[in-house]
1. Might you check whether a residue that is assigned to a helix (DSSP H, G or I), touching a residue at least 12 places away in the same chain (Cβ under 8 Å) and over 28 Å from THR164 (Cα atoms) occurs anywhere in region 416-428?
2. Pairs please, first residue from region 229-241 and surrounded by 12 or more Cβ atoms within 10 Å (Cβ to Cβ), second anywhere and modelled with pLDDT of 95 or more and among the small types (Gly, Ala, Ser), Cβ atoms under 6 Å, 6+ apart in sequence or on different chains.
3. Report yes if GLU177 is in contact (Cβ under 8 Å) with a residue 24 or more places away in the chain, surrounded by fewer than 24 Cβ atoms within 10 Å (Cβ to Cβ) and in contact with a strand residue (DSSP E or B) (Cβ under 9 Å, 6 or more places away or on another chain), otherwise no.
4. Which pairs do you get when a residue that is more than 20 Å from SER27 (Cα to Cα), found in region 118-131, comes within reach of a residue that is buried (at least 24 other Cβ atoms within 10 Å of the Cβ) and of a type in the set (S, T, N, Q), reach meaning Cβ atoms under 9 angstrom, with the pair 6+ apart or on two chains?
5. Count, please, the residues in region 134-173 that happen to be among the hydroxyl-bearing types (Ser, Thr, Tyr), out of contact with any strand residue (DSSP E or B) (no Cβ under 6 Å at 6 or more places or on another chain) and more than 16 Å from MET457 (Cα to Cα).
6. Having 3 or more residues that are within 30 Å of GLY417 (Cα to Cα) and touching a residue at least 60 places away in the same chain (Cβ under 8 Å) is the bar; report the strands (runs of 3 or more DSSP E) wholly within region 322-379 that clear it.
7. From GLN234, GLN286, grab the single residue that is more than 20 Å from GLY337 (Cα to Cα), modelled with pLDDT of 95 or more and assigned to a loop (DSSP other than H, G, I, E, B).
8. Show the residue pairs meeting these rules: Cβ distance below 7 Å; 6+ apart or different chains; first residue within region 42-57 and over 14 Å from LYS24 (Cα atoms); second residue of a type in the set (Gly, Ala, Ser) and crowded, with 23+ Cβ neighbours inside 10 Å.
Amino acid sequence: MTDWLQIAKDHQDDYLRDLTTLLKIKSVRDDTKASADAPLGPGPTAALHAFLKMAQKDGFKTKNIDNVAGYAEVGDGDETVAILAHVDVMPAGNGWDTDPFDPVIKDGKLFARGASDDKGPGMACYYALKILKERGVSFNKKIRFIVGTDEESNWTGMHHYFATEPAPTMGFSPDAEFPLINGEKGQVSMLLDMDANNDGNDQLKSFDSGLRFNMVPREADAVIAVSDEQTVAQQFDDFVQENPVDGSLNKEADGLHVKVIGKAAHGMEPEKGINAGTYLATFLTQLNLGGNAKSFVDFIAHYLHDDTRAHHLGIAYTDSIMGEMTMNVGLMSFKQGETGHIDMNFRYPKGVEPAKLLAKIEPLANLYHFQAHYDGFEKPHYVDPSDPIVTTLLNAYKDVTGDTAAQPEVVGGGTYGRLMKRGVAFGALMPNTPNTMHQANEYQPVDDLISSMAIYMKAIYDLAGE
């Protein structure tokens, strides 16, 4: 009987060396630096090139698809198994104890942006395929290890891949958690926009919170002009003492600068974060604001704050199979004389339709002087638990871990797996390991990553090995 875990341990040093190479690349999408050779900015392109160079050195057939996606291929056959990973990462944000792009191992944990999402798991799966190839395994299916470069934003790279390359038969994405994800909720962002005007004794000059729609904002900043600065300063001190946030208030030439610090979290699990933006808006409702500035903070405080299931909006929904709809208020901004903006990102189960969500939100939004709309959405994705892609992968997980009670799950996250009719998400976060994706001090235990490599070896072999 093959000892997959021991084989993975034997390759730990090489794996960590190659993973470190990728983790050191600041592969955050940056459209301000986009060019013909780097359509999504230099970082994602550099990470793609680094991966393809590595795969070419390891003897895979490789292809760069217009510098937005690429693949390493091995095997042959009428069917294709796709493994879909990504080399882009979220912005690091603040609050790190170490340099997010200088990987470090502390207490057996690998800390870096991308250690958990998705460079660590992606490279563990790549190494699984590489090891099988090096051990002389013959594959009865074509296997393509495909990497995208903007999974954390618009999926431009992977959508381009599927528009230009043949569709795979089945596949999985090592970009979630074990045991296995066979269902992913739909996603839609409801966008609210308004004119940013003031009409009160106090003024909201600016408000800014959030880095991406799919992150719970860790920080929020506002600049205000008030008639009684001493009273407001005391109110803020009291607010920070009474709530699970930190903050500061400083007087500068353009007014009082108010900062709130909460806790970041992945947008699919907003209840695990502390949304600095909604807390700051709640504090600002104590001011004597007027006009749309008042509407802006009142709407956030009364209908969005501390309510990740949208009960206050009157649109909470639960499906018996896919669970609850969740809401993450990921982006909030207001700039006096320009515009105010709110991005509410919903992860919704079967039974919810974006058009009907908008129809329920719009009247209330209009009452607060917002215009509501959405630009696009992803439908819920579900693969039958009896499909061989589910049973084969799940059995591989059970065999390596001994977790014989494991069952497939449905989550609110969105992975590349949903791009395939027979696509699932498979690892690499272990059931008892905290999820630090999209957070400061993101990490993955090294032992977990090595275990996941063993699981992926067994899974790939069972799917396509001879």
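1. First, the residues of region 416-428 that are assigned to a helix (DSSP H, G or I): 416-419.
Next, from what is left, pick out any that are touching a residue at least 12 places away in the same chain (Cβ under 8 Å): 416-419.
From the residues that got through so far, the ones that are over 28 Å from THR164 (Cα atoms) too are none.
No: region 416-428 contains no residue that is assigned to a helix (DSSP H, G or I), touching a residue at least 12 places away in the same chain (Cβ under 8 Å) and over 28 Å from THR164 (Cα atoms).
2. Close Cβ pairs satisfying both conditions: VAL240/GLY247.
3. So GLU177 fits the description; yes.
4. Filtered contacts from region 118-131: ALA128/SER452.
5. 4
6. 326-335, 339-348
7. Working: GLN234 fails: assigned to a loop (DSSP other than H, G, I, E, B).
GLN286 is the lone residue from the list that is more than 20 Å from GLY337 (Cα to Cα), modelled with pLDDT of 95 or more and assigned to a loop (DSSP other than H, G, I, E, B).
8. Every condition considered, the pairs that remain are LEU52/GLY70; ALA55/ALA72.
The values are calculated or read from the model by the stated rules, or taken from the named source; none is laboratory data. Just so you know, these numbers come straight off a predicted model, no measurement behind them. No Cβ is skipped: glycine too gets one built from the backbone with ideal geometry, and neighbour counts run over all protein chains shown.
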